[in-house]
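The block underneath contains the structure these notes are about, expressed in structure tokens.
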Amino acid sequence: MKQALTVPKIKAMKQAGKPIAMLTAYDFPSAKLAEEAGVDIILVGDSLGNVVLGYDTTVPVTLEDMIYHTRSVVRGAPGTMIVTDMPFATYRLGPEETLRNAARLLREGGAHAVKMEGGADLAEEIRRLTAAGIPVIGHLGLTPQSVHTIGGYKVQGKDRHEAEKLLDDAKALEQAGVFGIVLELVTEPLAAAVTKSVGVPTIGIGAGRGCDGQVLVYHDLIRYGSGIRDKRFVKTYADVGETIRQAISAYVNDVKTLGFPEEKHGFPLDEASAKEMALASRLYGGENP
């Protein structure tokens, strides 16, 4: 059976110049397909709040939601590294409370590592987690949990102040002990500069070509769902949503027009059993033979 990549192996991929393929998935079938396709890391993202649970933001997602979905992903991809997002308001609570919440994602969910959004302000909590044996991936640039603070889903790093802060935050995260950093919606030159300035892998989503790896959401990659928005940073590899819609529409039409089920979809009764059941019906139904 395939063996999940370890933290040292992920770090070594950067040094060897081997790109890292990460995919965000939320359940057993998508995780199983991702593992069979050869992804390096599966991220159980709190984006499941938008994609699976139908929220407008990731803020309502709970720790219990993440544990539940992580369990499903782990069952589907036992040979792949699984990283799980710590959802809104489960960290920045002080090192001890953050440790308890992160530990639940590993102990109850089965994750190998956690991901946290934020920069230098998380250093103390990250050190506490890594000291306790919990690997951490950082997340800079657009941080969806802070969407209300940053004023929407905007590209980050467009001015000197933002760029310098992001670079400083990346170095602070590395020093605190993260084994990788996700860069989301960051200008391509800045993402490349961050990648060169830190010794841990960077994984981009809307951050251009200069990162050590890339991550996309399963549902975006194959357009699985209704109303999937086109995004500049997403490459569509299939339109599964349209295929599913057409299939269900054909099923509904068959039911309405009595095209399904057909004789071949039923289970006939052999002649001997039919005669026996007919006799039983007369005996117990009070009919005269």
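Laboratory data are not the source of any read-out in this text; all were calculated from the coordinates shown. This structure is a prediction, so every number in the text was calculated from the model and none was measured. A quick note on method: Cβ atoms are made from the backbone with ideal geometry, for glycine too, and the neighbour counts reach across all protein chains shown.
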For region 89-206, what relative contact order do you get, as a whole percent, if you take Cα pairs closer than 8 Å and at least 6 residues apart?
24
Distance from a point 7 Å along Cα→Cβ of Lys235 to each backbone N in region 18-62: keep the residues under 20 Å and list them by number.
18-25, 34-43
Pop the C-beta distance of Glu276 and Ser226 into the FRET formula with R0 = 35 Å and round what comes out to the nearest 0.05.
0.10
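Assuming 0.36 nm per residue, please report the length gained on full extension of the stretch Gln3 to Arg107 beyond their Cα-Cα distance. Spell out each step's value before the answer.
Working: separation 104, 0.36 × 104 = 37.44 nm, distance 1.93 nm.
Gain on extension, Gln3 to Arg107, equals 35.5 nm.
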Under-5 Å amide H pairs with Lys115, H placed in peptide plane, nonlocal only:
Thr84, Asp85, Met86, Ile137
Around Phe260, which amide H atoms from residues at least 5 apart in sequence, or from another chain, sit under 5 Å from its own amide H, with H modelled in the peptide plane?
Val255
Rounded to the nearest 0.05, FRET efficiency between Lys11 and Arg160 (Cβ-Cβ, R0 25 Å) equals 0.25
DSSP-loop chymotrypsin sites (Phe, Trp or Tyr not before Pro) across region 1-93, with at most 16 other Cβ within 10 angstrom
Tyr55
Taking only Cα atoms, what is the 0 to 90° angle, nearest 10, from helix 240-256's long axis to the longest principal axis of the chain?
20
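Distance check, please: which entries in Lys154/Lys235; Lys9/Lys231; Lys32/Lys264; Lys11/Lys231 exceed 25 angstrom between their Cα atoms?
Details: Lys154/Lys235 19 Å; Lys9/Lys231 31 Å; Lys32/Lys264 32 Å; Lys11/Lys231 29 Å.
Violating the 25 Å limit, Cα to Cα: Lys9/Lys231; Lys32/Lys264; Lys11/Lys231.
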What is the helix-to-structure angle for 63-76, meaning the angle in degrees between its Cα long axis and the longest Cα principal axis of the chain, kept from 0 to 90 and rounded to the nearest 10?
70
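Kindly work out what percent of the DSSP beta bridges joining two residues of the chain are antiparallel, to the nearest 5.
Values: 1 of 32 bridges.
Close to 5 percent.
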Between Glu242 and Val255, what is 0.36 nm times their sequence separation minus the Cα-Cα distance? Round to one decimal in nm.
2.7 nm
Contour minus end-to-end for Arg209 and Ala131, with contour as 0.36 nm per residue of separation and end-to-end as the Cα-Cα distance?
24.8 nm
Computed over the chain: relative contact order in percent, which uses C-alpha pairs under 8 Å that are six or more apart:
14
Could you run the Karplus curve 6.51 cos²θ - 1.76 cosθ + 1.60 with θ = phi - 60° over region 82-94 and give me ³J(HN,Hα) per residue in whole Hz, x for Gly and Pro?
10, 10, 10, 5, 7, x, 3, 6, 10, 9, 6, 10, x
Take the chain, drop everything but the C-alpha atoms, weight them equally and run the Debye formula without solvent; then report log10 I(q)/I(0) at 0.07, 0.08, 0.10 Å⁻¹ to two decimals.
-0.34, -0.42, -0.57
Per residue of region 5-15, in order, report the coupling 6.51 cos²θ - 1.76 cosθ + 1.60 (Karplus, θ = phi - 60°) as ³J(HN,Hα) in whole Hz, putting x for Gly and Pro.
5, 9, 4, x, 5, 5, 4, 5, 4, 5, 5
Counting sequence-distant residues (5 or more places) and residues on other chains, those with an amide H built under 5 Å from that of Thr187 are Gln156
For Glu97 and Tyr68, what is the calculated FRET efficiency with R₀ set at 22 Å and r taken between the beta-carbons, to the nearest 0.05?
0.60
Report ³J(HN,Hα) in whole Hz for each residue of region 114-124, in order, from the Karplus equation J = 6.51 cos²θ - 1.76 cosθ + 1.60 where θ = phi - 60°; Gly and Pro get x.
10, 10, 10, 8, x, x, 4, 5, 9, 4, 5
